[in-house]
Amino acid sequence: MEYRKFSKFDKPVSLFGIGCMRFPTIKEGNENIVDEAEAIKMVRYGIDNGVNYIDTAYGYHNHQSEVIVGKALADGYREKVYLATKSPVWLVEKYEDFDRLLDEQLGKLNTDYIDFYLLHALNKERWDKINELNVFDFLEKAKAAGKIRYIGFSFHDNADAFREIVDSYDWDMCQIQLNIMDMHEQATVEGLKYAGSKGIPVVIMEPLKGGKLASGTTPEIEAVWNKATEKRTHVEWAFRWLYNFPEIAVILSGVSSFEQLKDNLRIFSDAKANCMTESELALVEEVRQIYLDKTKVPCTACEYCLPCPSGVAIPGVFNLVNSAIMYNDEEGSRRMYANNFVKENRDASLCVECGQCEEACPQNIQIIEDLKMSHKFLSVD
Ligand SMILES: NC(=O)c1ccc[n+]([C@@H]2O[C@H](COP(=O)([O-])OP(=O)(O)OC[C@H]3O[C@@H](n4cnc5c(N)ncnc54)[C@H](OP(=O)(O)O)[C@@H]3O)[C@@H](O)[C@H]2O)c1
Ligand code: SF4
Ligand code: SF4
């Protein structure tokens with residue numbers, strides 16, 4: 001296992017951290033529930049083989065992830081790891097909620113302290129809200145009380161919001177989404193380097209784009225990787241592009257089987273920073289282009305078309321269509337559309353064809369027609 005040292009942390013961190021959002025599941029009735037015994041075995045196997053960073057959150061696996069992690073870390077495992085979990089800031093309505101949630105999490109995790117306590121999934125709106133609720137007063141008191149050791153945040157918004165948040169506090173760490181397809185999205189590679197330049201260690205989530213990069217490979221993509229002198233798997237190249245950056249402290253991967261866990265342990269056994277050659281970086285660009293060439297709707301998610309008076313989440317809908325086609329994941333996009341768009345009244349069928357969005361779109365997308373196509377495509381059972 002590769003370990004990285006940061007002056008902010010009291011001991012080196014393992015570059016591979018286990019993300020406890022994608023444990024193996026079994027079918028019980030109509031529901032998929034976590035295979036708890038297998039998940040506990042996997043977490044312990046990871047720790048026995050060098051992993052010392054475990055990431056969970058209040059809501060993962062229907063609120064059960066923290067409980068399962070607590071059980072996995074019994075029998076002496078807790079002292080061997082850095083334990084990270086996150087404050088579900090969207091549930092905080094008043095100052096006391098911060099304390100109540102933290103105490104509940106300590107109970108679920110069966111521990112007296114959390115190493116890394118992150119403000120979960122910050123965006124500009126949440127950031128403004130929790131500042132008004134005096135979040136840093138809560139965090140510093142929790143630190144002084146020994147309930148948390150390091151203060152951080154995880155992030156899902158654009159590069160400007162990321163800089164604003166980074167500049168607002170002396171953070172111990174932060175967590176961003178980054179992978180070969182998102183290098184110019186969300187916090188971006190520039191954001192990673194900016195945090196690094198301020199001495200803030202960065203933890204990466206969704207390194208395989210939530211698994212889409214693993215399942216979405218094609219013979220055309222494999223042919224590109226085969227041009228490299230060293231033969232590596234598609235998954236290995238995706239991780240390698242990330243661990244090349246010295247600013248990265250930990251790469252979290254959710255593993256849903258022992259096979260994936262062992263594969264990642266192998267990949268991270270020899271994971272050096274600054275290892276990618278120019279010709280290897282050129283191969284990454286070639287692979288990216290193959291994915292990008294499959295883009296169905298050329299939406300850049302600039303959001304100039306929002307808000308739609310009927311509430312249609314225009315770029316979100318187009319993102320699902322593109323993602324389904326680029327990563328061969330129609331099922332995943334359709335599930336997401338039903339649960340996160342139709343149920344939440346922001347799907348494409350709500351369009352009343354007022355035309356306001358088309359006037360605003362710098363890409364000249366025929367939004368009305370493309371929304372009709374998207375709804376048809378995403379609504380198929
Ligand atoms: N703070 C936040 O807002 C936030 C958001 C997202 C994630 N996270 C955290 O970050 C962690 C990492 O993100 P992620 O789970 O999305 O990571 P990821 O590595 O992008 O995706 C994990 C999925 O990739 C596939 N996979 C992993 N290793 C593989 C291998 N060696 N070979 C083939 N497939 C492999 C599996 O997909 P299949 O299961 O489909 O096989 C696995 O479920 C999460 O688990 C969670 O702890 C935090
Ligand atoms: S045309 Fe449709 S999607 Fe566009 S703003 Fe009007 S209602 Fe919304
Ligand atoms: S304005 Fe056009 S490019 Fe921008 S998010 Fe809307 S549809 Fe996408």
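Here, each number is a calculation from the coordinates, and none is a lab measurement. For clarity, every value in this text was computed on a predicted model and none was experimentally measured. Cβ atoms come from the backbone with ideal geometry, glycine included; neighbour counts cover every protein chain shown.
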(request) Return the Cα extents of the stretch 3-286 along principal axes one, two and three, sorted largest first, each rounded to a whole Å. (result) 57, 44, 38
(message) For the stretch 1-130, what are Rg and Dmax over the alpha carbons, in angstrom?
(response) 15.5, 49
(request) Pop a pseudo-label 7 angstrom from the Cα along the beta-carbon direction at both Cys354 and Asn131 and give the gap in nm to one decimal. (result) 3.0
(request) Sticking with the crude label model, points 7 Å out along Cα→Cβ, report the distance from Lys41 to Asp10 in nm, one decimal please. (result) 3.4
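Between Asn328 and Glu286, what FRET efficiency follows from the Cβ-Cβ distance if R0 is 22 Å, with the result rounded to 0.05? Kindly include the intermediate steps, with their values, before the conclusion.
Details: r = 18 Å, r/R0 = 0.84.
Efficiency, rounded to the nearest 0.05: 0.75.
Take each complete run of DSSP H in the chain, measure how far its Cα atoms stretch along the helix's own axis, and keep only those covering 15 Å or more with mean Kyte-Doolittle hydropathy at least 1.0; list them. Numbers along the way, then the final one.
Numbers: long enough: 36-48 (18 Å, -0.15); 95-109 (22 Å, -0.87); 278-292 (21 Å, 0.13); 314-326 (18 Å, 1.38); 367-379 (17 Å, 0.13).
In the chain, the long hydrophobic H runs are 314-326.
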(message) Suppose we keep just the DSSP beta bridges with both residues in the chain; what percent of those would be antiparallel, to 5?
(response) 15
(request) Quick one: which residues, 5 or more positions from Asn328 or on another chain, have an amide H under 5 Å from its amide H? H modelled 1.01 Å from N in the peptide plane, none for Pro or chain starts. (result) none
(request) Enumerate the amide H contacts of Ser87 below 5 Å, restricted to partners 5 or more residues apart or on another chain; note that Pro and chain-start residues carry no placed amide H. (result) Leu118, Leu119, His120
(request) Can you pull the one-decimal nm distance between simple spin-label points at Thr218 and Val380, each 7 Å off the Cα toward Cβ? (result) 1.6
(message) With equal scatterers on the alpha carbons only and no solvent term, can you work out the Debye log10 of I(q)/I(0) for the stretch 227-319 at 0.16 1/Å?
(response) -0.85
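Based solely on its DSSP helices, what 222 nm [θ] is calculated for the chain when runs of n ≥ 4 H residues each add -39,500 (n - 2.57) and the sum is averaged over all residues, nearest 500 deg cm²/dmol? Can you show the working numbers first?
Values: 17 runs with 161 residues, N = 381.
Counting only the DSSP helices, I get -12000 deg cm²/dmol.
Apply 1/(1 + (r/R0)^6) to the Cβ-Cβ distance of Asp48 and Cys275, taking R0 = 22 Å, and write down the FRET efficiency to the nearest 0.05. Kindly include the intermediate steps, with their values, before the conclusion.
On the way: r = 26 Å, r/R0 = 1.19.
Working from the Cβ atoms, E equals 0.25.
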(request) Please work out the Cα convex hull volume for the stretch 154-235 and give it in Å³ per residue. (result) 106
(request) Could you tally the net charge around Leu281, taking each other residue with its Cβ under 11 Å from the Cβ of Leu281, Lys/Arg +1 and Asp/Glu -1? (result) -2
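Provide the FRET efficiency to the nearest 0.05 for the Ser257-Thr300 pair, computing r from the beta carbons and using R0 = 45 Å.
Details: r = 36 Å, r/R0 = 0.79.
According to the calculation, E is roughly 0.80.
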(request) Determine the relative contact order of the chain: mean sequence separation of Cα pairs under 8 Å and six or more apart, normalised by residue count, in whole percent. (result) 14
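What number, in nm² with one decimal, is the all-direction average of the projected area of the convex hull of the alpha-carbon atoms of the stretch 123-281?
Working: hull surface 43.7 nm².
Projected area, direction-averaged: 10.9 nm².
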(message) What number does the stretch 314-379 give for Rg over Rh if you use C-alpha atoms and the Kirkwood radius?
(response) 0.97
(request) Please find, in a Gaussian network model of the chain (springs between Cα atoms separated by less than 10 Å), the residue of Lys209, Lys343, Lys143 whose mean-square fluctuation is greatest. (result) Lys343
